[in-house]
Every structure is written in structure tokens, then in C-alpha cells.
Amino acid sequence: MVKCQICENPATVHLTDIVNKKKRELHLCEQCARERNLIPEPPGPQIDLKALMGLLTSPFPQGNTVPGATGPAAEPVATTCEVCGMTVAEFKAAGRLGCPHDYESLRSTLEPLLERIHRSLAHAGKTPRAVRLHDWQKQMHAAVAAEDYEEAARLRDLIRRSEQWAAGSVQ
């Protein structure tokens, strides 16, 4: 058994260096190697990401009330869909809901999440192209009437591009 060249403990780190065709060997125990920064420190405690994500979505127990706070208690949070049995934990693990009723059953959990993701609770959706074209044409006529020809030209070009795209001839 090879011993540490510094403290005589069993050597577990063996370094070999070759310089100008000369071989040098260094045998150290783990502690002496760490003291000389030859091996990195062992990793610290590992982070449980699922538990951390749970804290980010709800830092307090069910009811979302701050411990020791006075005032009316929040209504209890629904954790299971009455129709399909989907739980909040299953939703968080899968990232998908089980049925259309989950939106209502799990509303208290989903609303803060949806608001954080979409920055709103109301769905804005998209305006149909025909409605957008009609609106742009009205705005263009109003710009011409107000003698704002730059805005009218911008809207005209926007309308043309949209019509070309619909016809499939966009380049």
C-alpha cells in the first residue's frame, strides 16, 4: 500500500507529471490533496427541484394563509376534480389536465399559474383576418381624411401584404 508523501496516511490520489522526459509521481491522501486544491470539494446537499417548485407555487399550506396572520381565512383549495379524480399533484407532475371539468375544479390552483404564464386571466385570442382587414381599411380611410398620408400608406402596405399572404403569393 502506497502512503501519502506528506502525512503517512494511505494515499488515494496519485498524480503523474512528465516534464522534459522526466516522470514525477506524487501520492497523497484525500485530505492533503484537498488542502492543496488538487481535487474539488465534494458537492453540497442536492436540491429537490420538485419540492422547490411546490414552494414557488404555494409557499404556505393549503388555504394559502400566512402562519400567525390574523384576518379571514382563505377558502380551502380544491385539490381533486370531482369528475375525473385528477389531483393537483398529478397535474403538476404531468403538466396536463385530465378533463374539461378540471378547469373549474382546480380553479384556485390554476388561476395564479395561468396569470403568471399568460400575464392575464382573460383569453384574448386572435382576430379573424377579415375583421382585421376591415379595421385596417377603416383606419386607412380615417388617416386619409385626417391627411396623415404616412399612416395611410403604412396601413395600405399592411393590407396588401395580408391579402398577398392569403392568396399564397407572399415572397
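None of the figures in this text is laboratory data; all of them are computed from the coordinates on show. These figures come from a predicted structure and were not determined experimentally. Heads up, the Cβs are rebuilt from the backbone with ideal geometry, glycines too, and the neighbour counts pull from every protein chain shown.
Take the Cα of R96, step 7 Å toward its Cβ, do the same at D135, and the gap between the two points is 3.3 nm. Applying both filters, DSSP loop and at most 11 other Cβ atoms within 10 Å, to the trypsin sites (Lys or Arg not before Pro) of the range 86-140 gives R96, R119, K126.
Calculated translational diffusion coefficient of the range 77-123 (37 °C, 0.692 mPa s; Stokes-Einstein with Kirkwood radius over alpha-carbon pairs) equals 305 µm²/s.
A DSSP coil position with no more than 15 other Cβ atoms inside 10 Å describes the following GluC sites (Glu not before Pro) in the range 90-170: E147.
log₁₀ I(q)/I(0) of the range 90-146 at q = 0.25, 0.26, 0.28 Å⁻¹, via Debye over equal Cα point scatterers, no solvent, to two decimals? The Debye formula, applied to the Cα set alone, gives -1.02, -1.06, -1.12. Summing charges over all other residues whose Cβ lies under 13 Å from the Cβ of N9, with Lys and Arg as +1 and Asp and Glu as -1, gives -1. The length gained by stretching the chain between I18 and L113 to full extension, at 0.36 nm per residue less their Cα-Cα distance, is 28.3 nm. Taking a Cβ cut-off of under 15 Å around R132, the surrounding Lys, Arg, Asp and Glu residues balance to a net charge of +4, with basic ones at +1 and acidic ones at -1.
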